[in-house]
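These notes are about the structure you will find just below.
Derivation of every value follows stated rules applied to the coordinates shown; laboratory data play no part. Please read these numbers as outputs of a predicted model, since none were measured by experiment. FYI the Cβ positions are ideal-geometry reconstructions off the backbone, even for glycines, and counts take in every protein chain you see.
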Amino acid sequence: MSEFKNDKVLDHDLPRFEEVELTPVSPKYLQVIIVNSIIFSLIVMGAAATGYFFLKEVLADYIWMFLSIILGLVLFNFGYQILAFGQRKYAFRERDVIYQYGLISKSIIIIPFNRIQHTALEEGWLSRSLGLKSLTVFTAGGGGSDLSINGLPKGIAESFNQLILTKIDSEKALSDSLTNDNLSAVNQDYTHDRSTLNSSPHDEHPV
């Protein structure tokens, strides 16, 4: 019998995902971000103009402060989205997918393939014209999408989508095989126990 071991795992023995070289999303996706930022800016300025129209008597003495706040909000959002674009990176490894995003607060998501239930490929009108797609994955127990990688070139998105589906099928086939083997072993043990019980001599009771 092999000796039971439960050795301490040292920090330098742990796998480090930081050492994985991540791939930036397509530079074309920056155009999508700029267009979305412009649309957001127009909505904000439209809402501000509407608010000023109804409250101009109250805001008349603070018009420059009001405009400065609106302009600052628009410029901040525009600059943040452009700078954060450079942090959108991903990597597909043998057993999982990694996605990094965020500027002020950087987030890194790692999802093993064996937790993924299904995937979806999506594209908006602008992304379609640029040859881009978004790959969305859904995991077990999640109410919605757990990860969306936007700005992938169409061919790469479709290839990775097929890779994930292949991994899911392989994991499912392996799981089904192990389940069937376990059930077969249980049935064999049960049959053996029944045979042993039936072949054992019965106690004789005098009449």
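Quick notes on this one:
- Count - residues of the range 97-146 that are surrounded by 18 or more Cβ atoms within 10 Å (Cβ to Cβ) and among the basic types (Lys, Arg): 1
- Qualifying positions in the range 81-128 - under 18 Å from GLY151 (Cα atoms), without any contact (Cβ under 8 Å) to a residue 60 or more places away in the chain and of a type in the set (Val, Ile, Thr): ILE82, ILE109, THR119
- Checked against (1) part of a helix (DSSP H, G or I); (2) out of contact with any helix residue (DSSP H, G or I) (no Cβ under 9 Å at 6 or more places or on another chain), TYR99 meets all criteria but (1).
- The set of residues from the range 49-96 being hydroxyl-bearing (Ser, Thr, Tyr) and either under 20 Å from ASN36 (Cα atoms) or not in a helix (DSSP H, G or I) (or both) comprises TYR80, TYR90.
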